[in-house]
Amino acid sequence: MPRVKRSTKRTNFRKKTLARAKGYFLTKSKLNRSAQEAVEKALKYAFTGRRQKKRLFRSLWIVRINAACHLGGLSYSRFISGMAKAGVELNRKMLADIAAKDAPAFAVLVEKAKAALA
């Protein structure tokens, strides 16, 4: 079997790995094998983190909406049900933003939800 000398491919691969591992602690930023393991683990965490971010933001929006609803004397689930019955189609991100920045406008939405429930 002929001998394979990988020269530039190997060098480029190692450079790319070490560039990604720049700033890691001790051998994880210096030695290729340690750096490769650290980079693979970091990429795996980054992938799962991008999925978790969506869940975390949705739960944050729900907490904010719930807090603002309770000020208006309504629970979160009743508020969402009332909004659906009233035909107001605002997503949770927008509702949370309104609740945080414009309390009087959110109070109007709570009243609409209450009226639709009654």
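Every number in this text was worked out from the coordinates using simple rules, so none of it is lab data. These numbers come from a predicted model, not from an experiment. Cβ placement follows ideal geometry from the backbone for every residue including glycine, while neighbour counts extend to all protein chains displayed.
List of remarks:
- Our summary gives the chain a relative contact order of 19 percent, counting only alpha carbon pairs under 8 angstrom and 6 or more residues apart.
- Efficiency of FRET between GLU40 and VAL4 - r from beta-carbon atoms, R0 22 angstrom, step 0.05: 0.40
- Axis angle, to the nearest 10 degrees, between helix 76-86 and the longest C-alpha principal axis of the chain: 70 degrees.
- For the chain, a crude dipole built from +1 on the beta carbon of Lys and Arg and -1 on the beta carbon of Asp and Glu, taken about the Cα centre, is about 1600 debye to the nearest 20.
- Estimated [θ] at 222 nm from DSSP helical runs (n ≥ 4, -39500 (n - 2.57)) normalised by residues in the chain, nearest 500: -26000 deg cm²/dmol
- Lys/Arg +1, Asp/Glu -1 at C-beta; the chain dipole; positive extreme among ILE80, SER34, THR48: SER34
- Cα-based reach from LYS15 at 24 Å (exclusive), listing lysines while leaving out same-chain residues under 8 positions away: LYS5, LYS28, LYS30, LYS41, LYS44
- Considering all different alpha carbon pairs of the chain, the Kirkwood hydrodynamic radius works out to 18.3 Å.
- The angle between the Cα long axis of helix 103-117 and the longest principal axis of the Cα atoms of the chain comes to about 70 degrees, rounded to the nearest 10.
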